[in-house]
């Protein structure tokens, strides 16, 4: 834990909203489609120069702090530069870690009764407007 608090300490409570009339909507997606999107995003990050970005941050002293070394993608590239994994392994590990993180987010947000879930195949605006008006 980066925060030093257990996961459950930050779970949303029914009475915790500062904006009680706010309507929260979340997008729910089939796991395989989400996996494909995550993998494609990591591929785009790599193509857009993510490794070079992390290299620049390493030169600027990112290794002196502990938080960045644990961030998705950064930790894998740092390990790659340390020689403990290949670039292909770093990329695949970033994808795997990102998918795990998405599952944790799904678990986290699924416990929040305030969220109205919308499937991507539904007409989103109409569905959200129905939930707002009900």
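Relative to the longest principal axis of the Cα atoms of the chain, helix 87-110 runs at roughly 20 degrees.
Could you tell me how many degrees, from 0 to 90 and to the nearest 10, lie between the Cα long axis of helix 124-133 and the main elongation axis, the longest principal axis, of the Cα atoms of the chain? It is inclined by approximately 50 degrees. Converting the Cα gyration tensor eigenvalues of the chain into ellipsoid dimensions via √(5λ) gives semi-axes, longest first, of 34, 20, 13 Å. Relative to the longest principal axis of the Cα atoms of the chain, the long axis of helix 31-47 lies at roughly 40 degrees.
With springs only between Cα atoms under 10 Å apart, run a GNM on the chain and tell me which of 21, 88, 112 wobbles the most. Fluctuation is largest for 21. Largest GNM mean-square fluctuation across 19, 74, 101, computed for the chain with C-alpha springs under 10 Å, falls on 19. Express the Stokes-Einstein translational diffusion coefficient of the stretch 66-134 in µm² s⁻¹, to the nearest whole number, given a Kirkwood radius over alpha-carbon pairs, 10 °C and a viscosity of 1.306 mPa s. Diffusion coefficient, whole number: 107 µm²/s. For residue 52 and residue 113, the difference between the fully extended length at 0.36 nm per residue and the C-alpha to C-alpha distance is 17.8 nm.
The helix-based estimate of mean residue ellipticity at 222 nm for the chain, built from -39,500 (n - 2.57) per DSSP H run of four or more residues and divided by its residue count, is -16500 deg cm²/dmol to the nearest 500.
A short reminder: the numbers here are calculations on the coordinates, not readings from a lab. Remember, predicted model here, so these are calculated numbers, not experimental data.
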